[in-house]
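This report refers to the structure that appears directly beneath it.
Values in this text are rule-based calculations from the coordinates and carry no lab data. Model, not experiment: these values are computed from the prediction. Quick reminder, even Gly has a Cβ in these numbers, built from the backbone with ideal geometry, and neighbours come from all protein chains shown.
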Amino acid sequence: MTKFAHDNVVPDKASAQPKKEQVAEMFDDIAYRYDFLNRFLSGGLDISWRKKALGFLKTQNPQKMLDVATGTADVAIMASRLLNPASITGIDISDGMLEIGRKKINKLGLQNKIELLNGDSETINFKDNTFDAVTVAFGVRNFQHLEKGMGEIFRVLKPGGQLVVLEFSKPKIPLVKSFYNLYMKTVTPNMGKLFSKNRSAYQYLDESIQKFPEGKDFIKILDNLGYINTQCKPLSLGICSIYHGKK
């Protein structure tokens, strides 16, 4: 199994805990402010990014979906509206995020369609060839072992099933890149501290983006694991990217 620089990026370098446990604790800590900060820090763009990502699945009409690193279930809820599958399972390692997600699902009356479970990308508790589609939005950066997680997703996809990953990336246009770096290194951690009292979570966000094997590098990982028809679509001048592949 290949080790990537991103696998070693952790929220608290002084901690002896593995990345997985640190990430779960971090998200438990910021869960109550997570949705607000997502909307605020992205200027609401994260909503349109999710819609565009799910648009890759419209022609497939998936009936059984898995949302990995589901968080507060934004993608699962949006998928139920846009794609109307028979069932969606969301898994995440943070109970704090899942608790908020379940409240949102119950409020919308979607509890018969969406189920949220504590689950880890590296040991997905489902049989081979279970799902028509798997989505991951802003979660692959948090995998402790990126290749292992993407391999597990491949295992639970049905033949012909599709993967859609939405993830932050680094802009290439010089002016956009300069502004983006300033925003991520200065504005985002300070806003995170102001609203969630957890500055380190948003410093981790920047570092994990910097070290993540994006674009062609991530596509190469997917290709090596057996995904076919892989592609990468940059969004919003390269701030974010959609990755799409098929089993």
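Summary of values
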quantity: Point-to-point label distance, Gln17-Lys3, nm (Cα→Cβ direction, 7 Å offset); calculated: 2.2 nm
quantity: Antiparallel bridge percentage (DSSP; both residues within the chain; nearest 5); calculated: 40 percent
quantity: Estimated vicinal HN-Hα couplings, Hz - segment 24-34 in sequence order (Karplus 6.51, -1.76, 1.60; Gly, Pro = x); calculated: 4, 5, 4, 6, 4, 5, 9, 3, 5, 10, 4
quantity: For segment 153-169, Karplus couplings with θ = phi - 60° (6.51, -1.76, 1.60), whole Hz, Gly/Pro x; calculated: 4, 4, 4, 7, 6, 6, x, x, x, 10, 10, 10, 10, 10, 8, 5, 9
quantity: Per-residue ³J(HN,Hα) for segment 142-151, Karplus 6.51 cos²θ - 1.76 cosθ + 1.60, θ = phi - 60°, Hz, x for Gly and Pro; calculated: 8, 5, 5, 10, 4, 5, 5, x, 5, x
quantity: Semi-axis lengths (Å, descending) of the ellipsoid that matches the C-alpha gyration tensor of segment 1-129; calculated: 25, 18, 16
quantity: Segment 96-200 shape via C-alpha gyration tensor axes, a/c threshold 1.5; calculated: oblate
quantity: GNM top mover of Lys127, Lys20, Lys58 - the chain, alpha-carbon springs below 10 Å; calculated: Lys127
quantity: GNM result for the chain, Cα springs below 10 Å: residue of Leu222, Leu45, Leu157 fluctuating most strongly; calculated: Leu45
quantity: Fluctuation leader among Phe143, Phe40, Phe212 - the chain, Gaussian network, Cα springs under 10 angstrom; calculated: Phe40
quantity: Cα radius of gyration and Dmax for segment 101-162 (Å); calculated: 13.1, 36
quantity: Of every Cα-Cα pair in the chain, the percent that sits beyond 34 Å; calculated: 9 percent
quantity: Theoretical ellipticity at 222 nm over the chain - DSSP helices of four or more residues, -39500 (n - 2.57) apiece, nearest 500; calculated: -13500 deg cm²/dmol
